[in-house]
Amino acid sequence: MTEDLIVDLIVLAGGRARRLDGAVKPAVEVAGRTLLSRVLDARGLARHVVVVGPEEARAAVATDDTAALTWTLEDPPFGGPVAGIAAGLAALQRVTATGPADWVLLLACDLPWAADAARLLVPAATDPGLPASVHGLHLVDAGGRAQWLAGIYRPAPLTAAAHRLGADAHGASMRGLLAPLTLRGLRDQTGAGSDVDTWQDVERSSALLTSTPPRSKPMSEPMSEPIRSDPE
């Protein structure tokens with residue numbers, strides 16, 4: 001956690017993983033480590049860490065690590081990322097007796113380089129030139145696709161957006177959640193936001209992780225102009 005900024009982390013570790021034949025996605029191994037354990041490499045930047053996922057996901061993390069995490073799950077399960085975010089925010093409210101964080105780092109569990117993504121997002125949020133009117137930042141891949149689940153958001157507007165949806169958060173789109181927010185994209189020049197959706201992705205990511213040196217604090221340039229989110 002940085003000295004000047006309080007960050008909480010929500011890891012979305014649910015979903016049915018249909019393209020992975022229904023495997024427990026957080027427990028899928030990439031280069032000898034589970035996806036969830038790789039995402040949790042980012043926890044050193046955070047005060048509190050909430051994992052939103054099923055009971056089966058706990059096996060993807062070492063026992064000692066599990067005890068240090070807050071676990072929750074949307075009700076009913078498999079409600080999609082927006083329902084997961086709402087559940088994660090509610091869990092943070094229960095454990096943050098000292099008050100909300102300045103930012104909530106949001107990472108999907110299928111990002112093998114999530115810690116690299118976090119090291120891009122957290123410093124960007126501390127930029128003194130960032131206007132208070134910007135409610136969040138997220139990575140944008142080389143093809144121009146916004147990676148909403150590799151992002152960092154101000155908790156108040158994100159929580160307000162989740163409350164606005166209420167019960168409709170189950171099955172809601174990220175577009176529906178983030179539409180009221182003003183977001184800024186960060187160009188992801190190193191693929192830190194690359195995700196794993198298929199077994200081919202698992203093989204490709206494993207090959208990259210085992211054949212090249214670990215990425216070290218990759219650089220990302222802010223997009224030239226703030227962008228209004230157009231969530232998918």
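The values are calculated or read from the model by the stated rules, or taken from the named source; none is laboratory data. Every value quoted in this text rests on a predicted model; they were computed, and no experiment measured them. Cβ placement follows ideal geometry from the backbone for every residue including glycine, while neighbour counts extend to all protein chains displayed. When the accessible area is computed, the model is the full protein with side chains, heavy atoms only, and any ligands, DNA or RNA have been set aside. Shrake-Rupley method; radii C 1.70, N 1.55, O 1.52, S 1.80 Å.
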Taking region 54-76 and keeping residues among the polar types (S, T, N, Q) and either closer than 21 Å to residue 30 by Cα or buried (at least 23 other Cβ atoms within 10 Å of the Cβ) (or both) leaves 63, 66
Looking at region 77-92, which of its residues are in contact (Cβ under 8 Å) with a residue 40 or more places away in the chain and either of a type in the set (A, V, I, L, M) or open to solvent by 70 Å² or more (accessible area, probe 1.4 Å) (or both)? 78, 82, 83, 85, 86, 89, 91, 92
Among the listed residues 106, 149, 120, 111, identify the single one that is under 28 Å from residue 205 (Cβ atoms) and open to solvent by 20 Å² or more (accessible area, probe 1.4 Å). 149
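So that you can scan it fast, the table gives a plain yes or no per residue for (1) in contact with a Lys or Arg (Cβ under 9 Å, 6 or more places away or on another chain); (2) at pLDDT below 95; (3) closer than 30 Å to residue 56 by Cα:
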residue	(1), (2), (3)
110	yes, yes, yes
125	yes, yes, no
135	yes, no, no
145	no, yes, no
157	no, no, no
161	no, no, yes
Looking only at region 154-173, filter to residues that are touching a residue at least 40 places away in the same chain (Cβ under 8 Å) and within 16 Å of residue 99 (Cα to Cα); which one of those is least open to solvent (accessible area, probe 1.4 Å)? 158
Within region 24-47, the residues that are open to solvent by less than 50 Å² (accessible area, probe 1.4 Å), outside any helix (DSSP H, G or I) and in contact with a helix residue (DSSP H, G or I) (Cβ under 7 Å, 6 or more places away or on another chain) are 28, 30, 31, 34
